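Engineer: Before anything else, here's the structure in question.
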Amino acid sequence: MIERAIEAGIERILVPGWDLPSSQAALELAAQHGPLIQGAVGIHPHHVAEADEDTWRALESLAGDPRCAAVGEIGLDFFRNLSPPEVQHAAFARQLAVAADRSLPVLVHDRDAHEEVTSALSRWHGRASSDARGVLHAFSGDASMAAALTAAGFLVSFALPLSFRSAVGPRAAAAAIPAGTYLVETDAPYLGPDRDGRNEPTTTLRVAAELARLRGVEPQAVADDVRGAYERLVGP
């Protein structure tokens, strides 16, 4: 898979954690395959109810590891509510504080929580806005939300559902946000090209092609924008 990504011209891959073991695995991948792969650590809103104080202390330690490029995947998910909303809010705030303490960007999950996520990020005092402060992953909001968050120093990341006509909000956002404020992603293993196919880094080429079509530019312009945005997020 990594060889196919390199052959396809993919230069950087950011792997997030969703719990403590996957966060540790993300850093191990970064150690084995850097600088192509970089790792992030975080506890996904689905899993925050399972985290005890030992887990939180271990995660905070991982965030201080020099291999850690970001804190994530963190955020709010009020669609499935696998963790109670009040627990999600507390865990989101706690991980935003961890990122602020270490001047790290955040990788944010938002599902059916647009207002709450926008409010939390607008109030967050982490990381200077001269760098990208974080990214809204698999963006599902609208153009207005994207405009507010990019103006506040965040990036917007698009996955393959951008190519669905039903994705009215993300498609409008993709066409409207400034150059250099967006990324492309797989959200692997989810949001793949079809039910039976593997979702791997090369899927992002299809996302980039759709972005180019929506923005009325050549694919190379999208590649240049994504490269610049990624370097603002985690460095060259």
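Computed from the coordinates by the stated procedures, all read-outs in this text should not be read as laboratory data. Treat the numbers as computed from the prediction; the structure is a model and nothing was measured. Cβ: placed from backbone, ideal geometry, glycine included. Neighbour counts: every protein chain shown.
Engineer: Over the chain, with a single point scatterer placed on each C-alpha, what log10 of the ratio I(q)/I(0) does the Debye formula yield at q = 0.07, 0.11, 0.15, 0.17 1/Å?
Structural biologist: These q points yield log10 I(q)/I(0) values of -0.20, -0.51, -1.00, -1.32.
Engineer: Still on this structure, I have one more. Counting Lys and Arg as +1 and Asp and Glu as -1, each charge on the Cβ, what is the dipole of region 128-236 about the Cα centre in debye, to the nearest 20?
Structural biologist: 180 debye
Engineer: Still on this structure, please answer the following. Along region 186-196, what does the Karplus equation 6.51 cos²θ - 1.76 cosθ + 1.60 (θ = phi - 60°) give for ³J(HN,Hα), rounded to whole Hz, x for Gly and Pro?
Structural biologist: Karplus values, whole Hz, x for Gly and Pro: 9, 6, 4, x, 7, 6, x, x, 6, 5, 9.
Engineer: List the residues, sorted by chain then number, that are 5 or more residues from Tyr182 or on another chain and whose placed amide H is less than 5 Å from its amide H.
Structural biologist: Hits under the 5 Å cutoff: Val156.
Engineer: For region 128-236, what is the largest minus smallest coordinate of the Cα atoms on each principal axis, given in angstrom and ordered from greatest to least?
Structural biologist: If we take the Cα atoms of region 128-236, the spans are 42, 29, 25 Å.
Engineer: Mind listing the long-range amide H neighbours of Leu36? Cut-off is under 5 Å, sequence gap 5 or more, other chains count too, H placed in the peptide plane at 1.01 Å from N.
Structural biologist: Hits under the 5 Å cutoff: none.
Engineer: Under the Karplus relation 6.51 cos²θ - 1.76 cosθ + 1.60, θ = phi - 60°, what is the ordered set of whole-Hz ³J(HN,Hα) values for region 37-49, x standing for Gly and Pro?
Structural biologist: These are the phi-based 3J(HN,Hα) values: 10, 10, x, 10, 10, x, 10, 5, x, 4, 10, 5, 5 Hz.
Engineer: Let me ask something additional. Taking the Cα centre of the chain as the origin, how large is its charge dipole in debye, to the nearest 20, when only Lys and Arg (+1) and Asp and Glu (-1) carry charge on their Cβ atoms?
Structural biologist: The dipole of the chain has a size of about 600 debye.
Engineer: OK, next. How many angstrom lie between the Cα centre of region 16-34 and the Cα centre of region 215-236?
Structural biologist: 24 Å
Engineer: Enter the Cα centre distance for the pair region 145-175 and region 71-87, rounded to the nearest angstrom.
Structural biologist: Rounded to whole Å, the Cα centres lie 20 Å apart.
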